[in-house]
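Below is one structure, written out as structure tokens; the observations come after it.
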Amino acid sequence: MSTRKDKTNSVIAEFQAVVDELRARGMSDVDCHSLLNMIFQGWLVGGQPTKEYLDLAAQALELRKQTTEQPESAIVNRFGDSITSK
């Protein structure tokens, strides 16, 4: 039983060392959490993003581009004039 606990502690220590190294290289806590989530989702395999992840990221960027290109909505009166509050 103690061998299993020792192995678990060793893996956790290795994981901590990896996280410490990533943070030393300038990654934020959010960056580290994002990488871990990518691993959990199966989007990062062998240290490389999967095609599925790259496709989803491209879709997200396109959607962001579309939403930022749309003009801001405005409230207009029945004559089509913009209404502003004073």
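The values are calculated or read from the model by the stated rules, or taken from the named source; none is laboratory data. Only a predicted model underlies this, so the values are computations on that prediction, with no experimental measurement involved. FYI the Cβ positions are ideal-geometry reconstructions off the backbone, even for glycines, and counts take in every protein chain you see.
Before moving on, here are some points about what is shown:
- Residue, farthest from E21 (Cα to Cα), within the stretch 31-86, restricted to residues that are modelled with pLDDT of 90 or more and polar (S, T, N, Q): Q59
- Any chance I39 is part of a helix (DSSP H, G or I) and in contact with a strand residue (DSSP E or B) (Cβ under 9 Å, 6 or more places away or on another chain): yes
- Residue check for I12: under 16 Å from the mean Cα position of the chain (by Cα), at negative phi, in a helix (DSSP H, G or I) and without any contact (Cβ under 8 Å) to a residue 60 or more places away in the chain: no
- Checking each residue in the stretch 1-24 for being hydrophobic (A, V, I, L, M, F, W, C) and at pLDDT below 90 picks out only M1.
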